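Below is one structure, written out as structure tokens; the observations come after it.
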Amino acid sequence: MRNPLSVMVQEIEPSGIRKFFDIVTEMKDAISLGVGEPDFDTPWHIREEAIYSLEKGRTFYTSNSGLVELRKEICNYMKHSQGLEYNINETLVTVGGSEAIDIALRAMIDPGDEVLIPQPSFVSYVPCTQLAYGVPVTIALREEDQFRLTKEQVLSAITEKTKLLVLPFPNNPTGAIMEKGDLVEIAKVCVEHDIYVLSDEIYAELTYKDKHISIAALPGMRERTIVINGFSKAYAMTGWRLGYAVGPEYIISQMMKIHQFAIMCAPTNSQYAAVEALRNGDKDITMMREEYDKRRRYLMQAFQNMGLECFEPFGAFYVFPSIKRFGITSEEFASGLLKQEKVAVVPGTAFGQSGEGYLRISYAYSLENLKLALSRIENYIKTLDR
Amino acid sequence: MREKILGILEKNGRIDLGDVAAMLGVTEAEVANEVTQMEKENIICGYHTLINWDKTSDERVTALIEVKVTPQRGGFDQVAQRMYRFEEVDAVYLISGSCDFTLIIRGKTMKEVAQFVSGKLSVLDAVRGTATNFVLKKYKDHGTILDDDKNTDERMLVTP
């Protein structure tokens, strides 16, 4: 019998998080700080709107690109938040930001094209690039740069085959952000070297310094940037599976082809909920952002008190402390912490080799939960220091 | 700063002020100082416990009383005071709409509440009429769903 599997698929490594997940689920009564989704419920007015849409019998497909009302609201959002004008043909509603990542790469990459992927970063850029027959070229972000991407790093990674740069900020897992000055530098390089940008801005609403700026808003960048965003993080809507991409029509329309054949359309009642979210959800975002910010400060203070070194992150809901001084790997640290103190955190290496020496700790947890986990982490550190 | 401290204390009056300080990125002394000051200024009027009495063996009833009064020289404050001095009265609101005040009354039994209304409240000179509404079940109070069954974290333990 022939091997039914594609060589490509077999070569793709399973997610490093998955491995850890399997260990954690076997542990009973473990406290987890390993979750990459908000702890808030979706605000009730948004849920209520979805329920209403079901009551009204809105149970059919929408247009492939998504509800016109929703795409109009997405255009409004881009205008208000970034001053960027898009029309509805430049928007595509997807099944989570994840689908948008996949189809953007597939729409833009030819076999052998190189895709620059800064790491540590979300787990799907590399495999999705491979599935698009592109060549992932990872760039190791550094703590001394606060895990921001620098112009020099991009320049030294560029070859004549470089087609696309993935820009994952605010960043999961580091919590790093890129401020305007940082982006201007990167934008110049992209324009000079004719490189396109896939800007994954799913955490755009969760920044704790200045407001997030999209690279698409910088001169010369709108026409070469696909912006990905969604509802999961900003409105605590992970399970609704709803994201979107905006960008130049000639790219979006090609992404739309893949989307229409692979997906048809994003879930209809999620789309109705999303309209409500964009229209009336600003105060929810503010409330959640303020809560996250309190916890973020609290964690930074607690790390300082227990002598765990950590750069100050200004985005998403993760902190990324360094464990280098203990002389063990991230995985060893994380599995030791899990076994001894029953606290689950994610080793930095789950997000790329450059995550070695770090841990991702999520603060999408109540303060009580964080406190309990922190006291256990402190115990664990004491045993390591002994 | 004050509003931020209040926002935290409103949800958790027992929180450690050191934690509040860490969350707001200021020193504990600053927070403690503000809190003391706000207590003095009657901005913080007390620290209470939200109890779901329905779950205890304690028998008690709560009623919302709508009260119409004759407008008084000197406004409503004096009438309000005549009412809120009674210890049975838990809350007094001057409101717009079909009546002038809404009172929340606590008593051991419906009879006790009824006696209070007829014997103490209705007889006040300014009171023209009352309507008593007994509370049958309390679902949510002070922004808190009392019998929230959703206390478990339903998220998967580790996700990207």
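Taken together, the values in this text are just the output of simple stated rules run on the coordinates, not laboratory data. Keep in mind that what you see is a predicted model, and the values were worked out from it rather than measured. Please note: Cβ atoms are built from the backbone with ideal geometry, for glycine as well, and neighbour counts cover all protein chains shown.
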Total formal charge among the other residues, if their Cβ is under 14 angstrom from that of A:T150, Lys/Arg +1 and Asp/Glu -1:
-3
For peptide A:284-294, what's the mean number of Cβ atoms from other chains within 10 Å of each residue's Cβ?
2
For chain A, take the longest principal axis of its alpha carbons; what is the angle in degrees between that and the long axis of helix A:249-262, to the nearest 10 within 0 to 90?
80 degrees
Please identify the trypsin sites (Lys or Arg not before Pro) of region B:1-41 that satisfy two criteria: DSSP loop assignment and at most 16 other Cβ atoms within 10 Å. Which are they?
B:R14
Cross-link reach list, lysines versus A:K72, counting only Cα pairs under 29 Å and skipping chain neighbours closer than eight places:
A:K56, A:K180, A:K209, A:K211, A:K233, A:K257, A:K283
State which entries of A:K28/B:K140; B:K68/B:K137; A:K188/A:K324; B:K111/B:K138 exceed 29 angstrom in Cα-Cα distance in the structure shown.
A:K28/B:K140; A:K188/A:K324
Based on the mean of other Cβ atoms within 10 Å per residue, sort peptides A:288-295, A:315-322 so the most packed one is first.
A:315-322, A:288-295
Let me make sure I get this right: for region A:203-301, a, b and c are the square roots of the gyration tensor eigenvalues over alpha carbons, sorted descending. Under 1.5 in a/c it's rounded, otherwise prolate if a/b > b/c, else oblate. Which is it?
oblate
What percent does the relative contact order of chain A come to when contacts are Cα pairs within less than 8 Å and at least six residues apart?
24 percent
Calculated diffusion of chain A, Stokes-Einstein form, Kirkwood radius summed over Cα pairs, 4 °C and 1.567 mPa s, µm²/s:
60 µm²/s
For residues of A:22-29, the mean tally of beta carbons on other chains within 10 Å:
1
If one takes the longest principal axis of the Cα atoms in chain A, at what angle in degrees, from 0 to 90 and to the nearest 10, does the Cα axis of helix A:16-26 lie?
60 degrees
Enter the mean number of other protein chain beta carbons within 10 Å of the beta carbon of each residue in A:31-39, as an integer.
4
Nitroxide proxy distance, nm - points 7 Å out along Cα→Cβ at A:E290 and A:K161
5.2 nm
When Lys and Arg each count +1 and Asp and Glu each count -1, what net charge do the other residues less than 11 Å away from A:E276, Cβ to Cβ, add up to?
-3
So for R0 = 25 Å, FRET eff. of B:Y84-B:E41 from the Cβ-Cβ r, to 0.05, ends up at 0.75
Can you check what the net charge comes to around A:S232, using other residues whose Cβ is under 9 Å from the Cβ of A:S232 (Lys, Arg +1; Asp, Glu -1)?
+1
Less than 14 Å apart at the alpha-carbon level, and either on another chain or at least 8 residues along: which aspartates and glutamates does that give for A:K371?
A:E341, B:D16, B:D19
Mean residue ellipticity (222 nm) of the protein assembly as shown, computed from DSSP H runs ≥ 4 via -39,500 (n - 2.57), nearest 500:
-12000 deg cm²/dmol
Computed E for A:K79/A:Q254 - FRET, C-beta separation, R0 25 angstrom, nearest 0.05:
0.55
At R0 = 35 Å, how high is the FRET efficiency between B:L6 and A:N87 if r is their beta carbon distance? Nearest 0.05 is fine.
0.20
Ranked packing of A:77-86, A:176-185, most packed first, by mean Cβ within 10 Å
A:176-185, A:77-86
Quick check: from the Cα gyration tensor, does region B:52-109 come out rounded (a/c under 1.5), prolate or oblate?
prolate
Under the rule a/c < 1.5 gives rounded, and otherwise a/b versus b/c splits prolate from oblate, where does region B:32-153 land using the Cα gyration tensor?
oblate
How tilted is helix A:330-341 with respect to the longest principal axis of chain A? Cα atoms for both, answer in degrees (0 to 90, nearest 10).
60 degrees
Simple label model, 7 Å out from Cα along Cβ direction - B:K140 to B:D125, nm:
4.3 nm
Considering chain A as a Gaussian network with a 10 Å cut-off on Cα pairs, which listed residue, A:T159, A:T94, A:T329, attains the greatest mean-square fluctuation?
A:T159
